[in-house]
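The values are calculated or read from the model by the stated rules, or taken from the named source; none is laboratory data. Note that the structure is a prediction, hence the values are computed from the model and not measured. Heads up, the Cβs are rebuilt from the backbone with ideal geometry, glycines too, and the neighbour counts pull from every protein chain shown. Ligands, DNA and RNA are stripped out before the accessible areas are found, and what is left, the full protein with its side chains, is counted by its heavy atoms. Shrake-Rupley method; radii C 1.70, N 1.55, O 1.52, S 1.80 Å.
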Amino acid sequence: MLAGYRPVAGAFDELIGADGRVRSHWQPFLAALSAMPGSARQNAADTAARMLRENNVTYVSPGNGDGARPWQLDLFPLLIAADEWAALESGLVQRAELLNAIVADLYGSQQLIKSAGFPTAMLFGNPEFLVPCHGIEARDGIHLHLLAFDLGRAPDGRWFVLSNRTQAPAGAGYALENRIITSRSFPDAFAQSRVRRLAAFFRGYSEYLLSLGNRDEHLAVVLSPGPGIESYFEHAFLGRYLGYPVVEGVDLTVRASRLFLKTLEGLRPVDLLLRRIDSRDCDPLELEVNSDIGVAGLVEAARAGEVVVANALGSGVVENEAIMAFLPGLCRQMLGQELMLPSIDTWWCGDEQARVEVMGRLNELVVRRAFGARSLISAGATGFLSSEFEGMSRDAVAKLIDSRPYDYVAQRRVMLSRAPTFDADGSVRPEPMMLRVFVAATKDGFRVMPGGLALSTTVDGDPTVRGDSSKDVWVIAEGSIDTFSMLGLSLNAPVLKRSDRDLPSRTGDDLFWLGRYLERAEGAVRLFRSLMTRLSGEGGVAVAEIALEHLTALLVSQERLSARRARRATASGVKAVEQELANVLFDPESPDGLARVLANVRRTAEGVRERLSADTWRILEQLTEVPTQRWRAYGVANATRQLNDMTEHLLAVSGMIQENMTRGYGWRLLDLGRRIERARYFARLIRDIAVTGSPEEGGLLHLLLELGDSAMTYRSRYRATPQLPAVLDLLLTDDTNPRSLAFQFEEMEQHLAMMPQESQGGPATASQRIVIAVRTELRLAEVEKLANVKTKAGRRSHLARLLDRVEEGANELSEIISLTYFSHAHERRVGGSGNNEVSSS
């Protein structure tokens, strides 16, 4: 049957018919698979692994502290015959229509409650029934725009529904990714098997969603909780595939019952919100007050009809096991039809008669919470094979049910059919299989995706095998095959664009702070490396040349060491300073530590990962993997080498950003962040070293040039011992030196001139006035006067005032950029036609 493979013992219910022969719709695939030489099979596995890795397909298990882990894909697809799928389609469309009608009634006239067709306790005992959403009308009467159903099949071939997914169904993006990878790994087998394509399903779904908008130019967004949740990869992938930006709650705001996306150009009205978070978390004003991922006022915007939310708020009211027992009667009452596709046998304990039966059969039934939320993976086949209360005594379970009967259901134990699955050693083993299928609303009614997501589980309850393997589902076509693909349409813009004018404010904020943290990290690493060199006496530069108080003062000024710890270390000598450096270098618990700075780099970079190249991300990963051991454990020399490596990684990141990022608003904000942080850093350095005393003595000017990465430039120009006027000219006013303060403000001025709210004509904006003023002061500065004019106390007051003005200007500019582009404290709306409507906040 499978030449070259070693089947293990066990029944292949999906593959082998009752007559013991291979089912006919499997034969072309098996023939193509058997014809593949061993090298081709290995190439297929390697291709799949490479694509999963390159596409960063990950999944975060709920409660898993290890974070995202690679998505598990079994290349052996599940094949379903055309006639069998046709019967499933009819049943699934009917069920989607039924559930949509139930949601409409429960949030509308509630005739089901009045007629006793729907138990009152099952409605008001359900935490997903959201009273504030009652009365909100759904456009076209559609509350459920996308549904998912978990299906099981008995070994005799009968299909039944295990669960309804109506809240924010997950898995469609993973199903699409599985299809792309499996078809490219087995291209010949895929072609010979005559598999129905998925693109037409997504096209119909997207076209219908966009038709719901109120305006000619629609803006649709995907609302996600953000990275770190179980299916964020899918949110990002679907967003790219459908052409919708993926946003978080902080990216949106409601003004006058209208939902807006915060972009760098201002507030853009949102017509469609594709919701990927639970309804209760969508609005902290009217729903879950502790939610920090929703949008305050979203319920009011939906109530006013100003935005379509898909799925509708509160749609999770029918996503529970309790309703399964009532669907046959509800189908007759609502649709006048018999339910085509049966549910798993279910008893809701809130019904007295059902509870009595459950109590008498506790040992043979599976007891579950009626309204418990289940994740994409944990509700796989394993979740339907055992009780949620395994290990508890019968009396303990009975007591739970008696205390709150409406919170529990009982279901018949099921035996799921087994599908062939590739094993790591080349064998094919049978595993219990559950199928997740998707139904979407389209202009022509509900439509079923011709495929889905098959989830396999452990064999015989083996705890060593994780139940999280997925596989593609191939529905065999009858007649011609629609080869339409959305990959070329959605992943590439249909209209040529060279602007990121719709860049969300949060993304801009993250890029701005990524630039600041990168520069902060570079300054800290250079400072630590220079101090290490002097502490160790490397290169003939000993700590004796520079007083310890100068070294520790630099750390304090750059906020790398507290003043109290600095005084204590200085009083105790060089060894104490080394000890403090050990604490601030690699100790992740140190509040002043380098590890803390690098953690901020990693955190902000993760927020904009999709805007960084794979090479840039790899370098950032290497940079931020700071060793947990302190440098004293392996010597000053090794610590210096570690800092040298970090410097190289930082320079590599800078090079990748300069060479690989398009010159859009995102790049300008990132570079603005770097320039602002560099100006603050050098203003403090020069103030600490040059404002008082005689910096020519003790090697302080050498240190300043080294920290400013300008020592080579100075030597090539002057070939003499550093003198303060020449050093100030190089680091303050020389606009040809990329490290000088003048250069930073020149770059800021150029960036601001290209930002959307700065280039409107008319008088200079507040940010432009700050930059022009500081740049003018630097341009007019007389370095001889700055270096030589002192007060009686020996303080270079002119230099101090200039440096204060530079640092104040940088801080003020940062604040104005945040208010203008990120927080939108001064409201500026951008209409769909591109015309600007300005109003005060």
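Listing for the model above:
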item: Computed FRET value (nearest 0.05) for residue 723 with residue 55, which takes r as the C-beta separation and R₀ as 56 Å; result: 0.50
item: Two-site label geometry, residue 790 and residue 296: point separation in nm, points 7 Å out along Cα→Cβ; result: 5.5
item: Probe 1.4 Å - accessible area at residue 186, Å² to nearest ten; result: 10
item: Rounded if a/c under 1.5, otherwise prolate or oblate - the stretch 121-233, Cα gyration tensor axes; result: oblate
item: Inter-probe distance in nm under a simple model that places probes 7 Å from Cα toward Cβ, at residue 736 and residue 361; result: 9.0
item: Relative contact order (%) - the stretch 106-160, alpha-carbon pairs under 8 angstrom, separation at least six; result: 27
item: DSSP bridge orientation in the stretch 134-255 - percent antiparallel, rounded to nearest 5; result: 75
item: With DNA, RNA and ligands ignored, accessible area of residue 198 (1.4 Å probe; Å², nearest 10); result: 10
item: Per-residue SASA entry for residue 134, accessible area with 1.4 Å probe, Å² rounded to 10; result: 80
item: Cα-based reach from residue 443 at 20 Å (exclusive), listing aspartates and glutamates while leaving out same-chain residues under 8 positions away; result: 89, 97, 137, 140, 207, 216, 217, 271, 482
item: Modelled FRET efficiency - R0 45 Å, residue 337 with residue 40, Cβ distances, 0.05 increments; result: 0.40
item: Accessible area per residue in Å² at 1.4 Å probe, computed on the stretch 206-284; result: 29
